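Working notes, beginning with the structure itself.
Where a number appears in this text, it was derived from the coordinates with a stated rule and is not lab data. Predicted model, so just to flag it, every value in this text is computed and none were measured. Methodologically, a virtual Cβ is constructed for each residue, glycine included, from the backbone with ideal geometry; neighbour enumeration extends over all protein chains shown.
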Amino acid sequence: MDRRRVLKNMGMSLGYMVATPTLLSIVQSCKSEPALTWTPEFLAQNEGAVLSKLVDIILPKTDTPSASEVQVDIFIDRFAKDVMEKEQQDFLKMSMSKFTNKALADSGKEKVEDLTVEDLEPVLAASLKYNKDEQAEMFKTINSYTKAIADGNTAELDDEVSRFAFANNLRGMTIWGYKASEYVGENVLAYLPVPGEYVACGDLQELTEGKAWSL
């Protein structure tokens, strides 16, 4: 798959909230912090290390930087801390734990920080392998679970469904964070910081070479 072409033609379905002040401040703070010195603010240190590996499995380095190179991992961690509601934060922690527990069991390792890309990749692939009907059933189960928690009731979510929820949410946030990054906004998507002539009805291919707008 040509990742650059996919990103260029992607609409605002994942990035439509990027212009809000809170998210802009998160993007700006990610730009100012060197990734090598990153300390997660929401996740534990070992969870942050796993997150960095996972986002690069989803969007590895090709002719464009990998997800971690444009600090998508930092973006997701800060988004979870600053934007997510408490129930969403708890759900992310729970589902990520179910995901890493599966990777530990399959690899025979005991510590999360010892998990490698080779350990994580098959679990991620298996967690996203479901067809549309299977996914629809899982979403129903997830919705029932989250409603029960929101209503103050005790509920449990099957490990397999939890892993799907984590992998699916992570994939969406990774693509969204990648689109929101400065590099992708200026070099992959159509970028025009100072608006010019307004064209009400124009051919997208002629106007932006088929690219979605970054702003």
- Task: For every other residue with a beta carbon closer than 13 angstrom to the beta carbon of Ala44, add +1 if it is Lys or Arg and -1 if Asp or Glu, then tell me the sum.
- Result: -1
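How would you rank Tyr178, Tyr145, going from fewest to most other Cβ atoms within 10 Å of each one's own Cβ? Provide the component values of the computation, followed by the final result.
Details: Tyr178 28, Tyr145 20.
With the fewest neighbours first, Tyr178, Tyr145 line up as Tyr145, Tyr178.
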- Query: ³J(HN,Hα) across region 144-159 via Karplus (A = 6.51, B = -1.76, C = 1.60, θ = phi - 60°), whole Hz, x for Gly/Pro?
  - Reply: 5, 5, 5, 5, 4, 5, 4, 7, x, 9, 8, 8, 10, 10, 3, 4
- In region 151-166, which residues have a backbone nitrogen under 13 Å from the label point lying 7 Å from Glu137's Cα in the Cα-to-Cβ direction? 161
- Query: Counting Lys and Arg as +1 and Asp and Glu as -1, what is the net charge of the other residues whose Cβ lies under 14 Å from the Cβ of Lys93?
  - Reply: -2
- Message: Could you list Val112, Val123, Val55 so that the one with the fewest beta carbons within 10 Å of its beta carbon is first and the one with the most is last?
- Response: Val112, Val123, Val55
